[in-house]
Amino acid sequence: MASAHSDATAPPTTTSTKAMKQTTPTKPVTPADEPALALKILVAGGFGVGKTTLVGAVSEIRPLRTEEQLTEASRGVDDLGGVEQKTTTTVAMDFGRITIRQGLSLYLFGTPGQDRFWFLWDELAHGALGAVVLADTRRLQDCFPSVDYFERRGIPFVVAVNCFTGARKHAVERISRALDLETETPVILCDARERDSGKKVLIALVEHASRLHAARMLS
Ligand SMILES: Nc1nc2c(ncn2[C@@H]2O[C@H](COP(=O)(O)OP(=O)(O)OP(=O)(O)O)[C@@H](O)[C@H]2O)c(=O)[nH]1
Ligand SMILES: [Mg+2]
């Protein structure tokens, strides 16, 4: 399920303690020495939907952020409807890590939300197991390009609806239909600020990706 990627600047997507065991034969083998699996996950979606917030909320390490101040000039370009308090935007990526269970960690890569950073996406998506597409029902159309991107490349994804305060609640079936998703693509309501909520989204993604990979291997 994990796919290796050779980018020397980013963490490996798979790690193994095998080499260490060979060079330190006297060290007793403990469960912690079991080969660990690290999977690469993208957190994508439209501008200001809460990608940086989600990566920061779930990460067990201090998240890496590449935020720049939004300028007055950008206000005419970027739709701040619903996130008027927003003062910064991601210009390269967010990075965080979460351990889902012993031996399984996820490396999280948050994408930039502004259209002018599309050129970074192929690099960020390289070797990813799957993606979370964050959506805001007040601006649902903003997540169409992300959905389209992952569908075209056959990258498993879930849609996580970030329930902003004041946003009307919609049934997940309705959101799934509005986005014209495959019926098996999970749609989950979440709060990007809550660790447990974000973790549930990530677990749903790993389970969904596992099912898809198993089905692809059988077909
Ligand atoms: N009320 C509420 N505010 C949120 C929530 N998630 C994020 N915010 C706020 O919404 C704004 C946008 O959050 P970000 O995490 O920066 O969004 P982003 O998707 O990373 O934005 P870009 O990188 O610029 O595309 C910030 O001001 C957050 O404090 C949420 O679930 N509820
Ligand atoms: Mg961001």
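Points to keep in mind about this one:
- Among the candidates VAL91, VAL77, VAL55, residue that is within 11 Å of ligand 2 (Cβ to nearest atom) and over 15 Å from the mean Cα position of the chain (by Cα): VAL91
- Candidates LEU179, LEU129, filtered to the one that is in contact with a helix residue (DSSP H, G or I) (Cβ under 9 Å, 6 or more places away or on another chain) and farther than 18 Å from VAL55 by Cβ: LEU179
- When segment 53-79 is filtered for residues that are more than 11 Å from ligand 1 (Cβ to nearest atom) and either on the phi > 0 side of the Ramachandran plot or in a helix (DSSP H, G or I) (or both), the ones remaining, listed by number, are VAL58, GLU72, ALA73, ARG75.
- Residues of segment 105-121 that turn out to be within 23 Å of LYS200 (Cβ to Cβ) and either acidic (Asp, Glu) or loosely packed, with under 14 Cβ neighbours inside 10 Å (or both), as a count: 0
- Lone qualifier among THR99, THR89 - being polar (S, T, N, Q), assigned to a strand (DSSP E or B) and under 14 Å from GLY46 (Cα atoms): THR89
- Screening segment 104-219 for helices (runs of 4 or more DSSP H) wholly inside it with 1 or more residues that are under 12 Å from the mean Cα position of the chain (by Cα) returns the ranges 121-125, 144-153, 195-218.
- Considering residues of segment 58-74 that are of a type in the set (Val, Ile, Thr) and at pLDDT 90 or above only, the residue farthest from ligand 2 (Cβ to nearest atom): ILE61
- Among the residues of segment 122-147, those identified as crowded, with 18+ Cβ neighbours inside 10 Å and within 16 Å of ligand 2 (Cβ to nearest atom) are LEU124, ALA131, VAL132, VAL133, LEU134, ALA135, ASP136, ARG139, ASP142, CYS143, SER146.
- Candidate set from segment 85-104 (those that are among the polar types (S, T, N, Q) and surrounded by fewer than 18 Cβ atoms within 10 Å (Cβ to Cβ)); member that is nearest to ALA36 (Cα to Cα): GLN102
- Options GLY82, GLY50: the member that is on the phi > 0 side of the Ramachandran plot and surrounded by fewer than 23 Cβ atoms within 10 Å (Cβ to Cβ): GLY82
- Tabulated pairs, segment 126-142, first within 17 Å of VAL201 (Cα to Cα), second among the aromatic types (Phe, Trp, Tyr) and part of a helix (DSSP H, G or I), C-beta under 6 angstrom, 6+ apart or interchain: ALA131/PHE150
- Residue count, segment 110-123 (criterion: aromatic (Phe, Trp, Tyr) and within 12 Å of ligand 1 (Cβ to nearest atom)): 1
- Checking VAL172 against (1) surrounded by fewer than 18 Cβ atoms within 10 Å (Cβ to Cβ); (2) in contact with a Ser or Thr (Cβ under 6 Å, 6 or more places away or on another chain); (3) at pLDDT 95 or above, the condition it does not meet: (2)
The values are calculated or read from the model by the stated rules, or taken from the named source; none is laboratory data. Since we're looking at a predicted model, the values are computed, not measured. Positions of Cβ are backbone-derived with ideal geometry, glycine not excepted, and every protein chain shown enters the neighbour counts.
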